[in-house]
Amino acid sequence: MSQLTLLRHGQANTGARDEESYDQLSDLGWKQARWLGEEFAASGEVFARFYSGQLRRHRETAEALALSGHADPVIDPRFNELEYFTLAQLLKDQHGVAIPTTREEFTAHLPRLFNAWHSGQIENPPESFDDFEARVKDGMEDLSAGDGRAIVVSSTGVIGMAMRVTMGLDTKGMARACLAVENTSVSRWTMLDGSLALSEFNTSPHLSRPERQFARTHL
């Protein structure tokens, strides 16, 4: 049976306020990914196919996983993240919505941004909401049609969109799913009656030990 695993990248540059500066793993992000790779190795889990988005934080996470016996990951831009910082700046410039500076503000901001983006209220975005949805859906359907287990290193927005296209979430529900996703968490989909069904969401077995609780991060 085909199974598709989406993995969020390790913690990135949390102090960044633009796409380029954000796109690199922190020291903790490298450690999170190494621990997850060790967890996969210890469990004996084998992935027949290995993919990654093309962003630096995706490629660094794939490198840190060090999955033994696997080829280098295939780079697939369909699993690149949405440009949150760019969209947030456009929302501010066009509608006066302040860019969040705290976790609490971000929690309120993301559903508002997704709704504005989806409804076409953000002019000249780097990518339309519909195009983002279409490429994530296409990537998931393509990979799920292959044989054996596939793993993809990607980002929160892609995982949230995967939840939307497989579970019919509205933009608010999609945003809430995104807000829950931790760095290097694992989410899985399995083919069920010809379509993908969510079987596991946002699990972090490599961070379950008491001495690693500090490493559970959202940002």
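The values are calculated or read from the model by the stated rules, or taken from the named source; none is laboratory data. What you see is a predicted model, and the numbers here were worked out from it, not measured in a lab. Here the Cβ is made from the backbone with ideal geometry for all residues, glycine too, and neighbour counts use every protein chain on show. Just the protein is used for accessible areas: all its heavy atoms, side chains included, with ligands, DNA and RNA removed. Shrake-Rupley method; radii C 1.70, N 1.55, O 1.52, S 1.80 Å.
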Inset, instruction - Taking the residues in segment 13-39 that are in contact with a Leu (Cβ under 6 Å, 6 or more places away or on another chain) and not in a helix (DSSP H, G or I) as candidates, determine which candidate is least open to solvent (accessible area, probe 1.4 Å). - result: ASP23
Inset, instruction - Look through ARG212, ARG164 and report the one residue that is out of contact with any Ser or Thr (no Cβ under 6 Å at 6 or more places or on another chain) and more than 21 Å from PHE132 (Cα to Cα). - result: ARG212
Inset, instruction - Quickly run through segment 51-73 and pick out the residues that are at pLDDT 95 or above and not polar (S, T, N, Q). - result: TYR51, GLY53, LEU55, ARG56, ARG57, HIS58, ARG59, GLU60, ALA62, GLU63, ALA64, LEU65
Inset, instruction - Determine if segment 85-92 includes at least one residue that is under 20 Å from HIS58 (Cα atoms), out of contact with any strand residue (DSSP E or B) (no Cβ under 6 Å at 6 or more places or on another chain), among the polar types (S, T, N, Q) and open to solvent by less than 30 Å² (accessible area, probe 1.4 Å). - result: no
Inset, instruction - With the checklist (1) in a helix (DSSP H, G or I); (2) of a type outside the set (Phe, Trp, Tyr); (3) within 29 Å of LEU113 (Cβ to Cβ) in hand, flag the one item ALA42 doesn't pass. - result: (3)
Legend entry - Flag for ARG17 being in contact with a strand residue (DSSP E or B) (Cβ under 8 Å, 6 or more places away or on another chain), touching a residue at least 40 places away in the same chain (Cβ under 8 Å) and of a type in the set (Lys, Arg): no
Legend entry - Pick from segment 135-160, criterion free of Cβ contacts under 8 Å to residues at least 60 places away in the same chain and open to solvent by less than 20 Å² (accessible area, probe 1.4 Å), ranking: nearest to GLN3 (Cα to Cα): VAL136
Inset, instruction - May I ask you to verify whether ASN124 is touching a residue at least 24 places away in the same chain (Cβ under 8 Å), out of contact with any strand residue (DSSP E or B) (no Cβ under 8 Å at 6 or more places or on another chain) and either among the β-branched types (Val, Ile, Thr) or outside any helix (DSSP H, G or I) (or both)? - result: yes
Inset, instruction - Filter segment 117-132 for residues that are surrounded by 17 or more Cβ atoms within 10 Å (Cβ to Cβ) and closer than 19 Å to MET163 by Cα and give the result. - result: TRP117, HIS118, PHE129, PHE132
Legend entry - Hits in segment 170-209 (condition: within 23 Å of SER2 (Cα to Cα), surrounded by 14 or more Cβ atoms within 10 Å (Cβ to Cβ), among the hydrophobic types (A, V, I, L, M, F, W, C) and more than 13 Å from the chain's Cα centre (by Cα)): TRP189, MET191, LEU196, LEU198
